[in-house]
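Notes for the one structure printed next.
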Amino acid sequence: MEFDILTLFPRIFAGPLDESILKRAREAGLVQIRVHNLRDFTHDKHRVVDDKPYGGGPGMLMKPEPIFEAVEKMQRPDSCVVLMTPQGPPLTQARAQAFAGKPHLIIICGHYEGVDERVREALVDEEVSIGDYVLTNGALAAAVVVDAVTRLLPGAIGHEQSAVDDSFATGLLEGPQYTRPPEFRGMKVPDVLLSGNHGEVAKWNKEQARQRTRQRRPDLLEGEDKL
Ligand code: 6GU
């Protein structure tokens, strides 16, 4: 799978994409991630990427020309163009899975103040937000999308089963988990987990997941697949 990310702040991506599972997935060739500076698609002396909104109002908007030029250079028939914006529908596990099935994502990182509407009209296939709060720009949000999608690619994480079982993939939050030692500062690992009875363990895990979901996120039990 390939990502092309268009941003005013390419350095924001250096850390997140160069650690752990993302780093390994890149090195293994499961994913190619290219980060582009939108200023490189300007042609004026001051490399201007934003301007005042028509009709007045506070803040600056991203100009259409650099974004169009960059997207048109990278776009292929199989590309999906995604705009990061707090006005988009929220990222969910189902949406991450849908993205993981696409060969090429072009991700446009917006200012929080916004982008010229013609970018949406003519270029963008999908908008995405990562939650109901405002970030200074879309770069961190795009890094979240890349992370959530890349870990779903076959071979990205050691135990394929963990992508299937983890919170949200099952529609439930994961329940409590323990590792050694069996007793720590007087706190004991539940007996059932030490019993070696795989059937009972599976039953306990499932019940704990249900209970935790009911207590913390009853909205997840309402059942529909959240795209
Ligand atoms: Cl995609 N962008 C910004 N600026 N803020 C956000 C967001 C995106 N998602 C949640 N908050």
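For region 42-52, check the following and say yes or no: at least one residue is within 16 Å of the ligand (Cβ to nearest atom), at negative phi and open to solvent by 30 Å² or more (accessible area, probe 1.4 Å).
Looking through region 42-52, at least one residue is within 16 Å of the ligand (Cβ to nearest atom), at negative phi and open to solvent by 30 Å² or more (accessible area, probe 1.4 Å).
If you take the residues of region 104-114 that are near the ligand (Cβ under 8 Å from one of its atoms) and crowded, with 19+ Cβ neighbours inside 10 Å, which of them is modelled with the highest pLDDT?
Cys109
Which condition from (1) open to solvent by 80 Å² or more (accessible area, probe 1.4 Å); (2) polar (S, T, N, Q); (3) under 18 Å from Ala139 (Cα atoms) is the one that Gln97 breaks?
The number of the failed condition is (3).
Residue-by-condition table, conditions (1) at pLDDT 95 or above; (2) charged (D, E, K, R):
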{"position": "Ala14", "(1), (2)": "no, no"}
{"position": "Ala28", "(1), (2)": "yes, no"}
{"position": "Asp44", "(1), (2)": "yes, yes"}
{"position": "Gly57", "(1), (2)": "no, no"}
{"position": "Pro66", "(1), (2)": "yes, no"}
{"position": "Lys73", "(1), (2)": "yes, yes"}
{"position": "Ala100", "(1), (2)": "yes, no"}
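Kindly establish whether Pro86 is assigned by TED's automatic domain parsing to the domain that holds Asn137, out of contact with any helix residue (DSSP H, G or I) (no Cβ under 8 Å at 6 or more places or on another chain), surrounded by 15 or more Cβ atoms within 10 Å (Cβ to Cβ) and outside any helix (DSSP H, G or I).
In short, yes.
Applying the selection to region 13-41, what residues are open to solvent by 60 Å² or more (accessible area, probe 1.4 Å) and of a type in the set (A, V, I, L, M)?
Passing the criteria: only Ala28.
Going by what's in this entry, would Glu117 be described as under 26 Å from Lys102 (Cα atoms), at pLDDT 95 or above, open to solvent by 40 Å² or more (accessible area, probe 1.4 Å) and away from the ligand (no atom under 16 Å from the Cβ)?
Taking the combined requirement at face value, the residue satisfies it.
Out of Ala143, Ala169, I need the residue that is surrounded by 12 or more Cβ atoms within 10 Å (Cβ to Cβ) and within 16 Å of the ligand (Cβ to nearest atom). Which one?
Among Ala143, Ala169, only Ala143 is surrounded by 12 or more Cβ atoms within 10 Å (Cβ to Cβ) and within 16 Å of the ligand (Cβ to nearest atom).
Return yes when Leu135 is open to solvent by 30 Å² or more (accessible area, probe 1.4 Å), in contact (Cβ under 8 Å) with a residue 40 or more places away in the chain and under 21 Å from Ala14 (Cβ atoms) and no when it is not.
Yes.
The values are calculated or read from the model by the stated rules, or taken from the named source; none is laboratory data. Quick caveat, the model's predicted, so the values are computed rather than measured. When we count neighbours, we look across all protein chains shown, and the Cβ atoms used for this are built from the backbone with ideal geometry, even at glycine. With ligands, DNA and RNA removed, areas are computed over all heavy atoms of the protein, side chains included. Shrake-Rupley method; radii C 1.70, N 1.55, O 1.52, S 1.80 Å.
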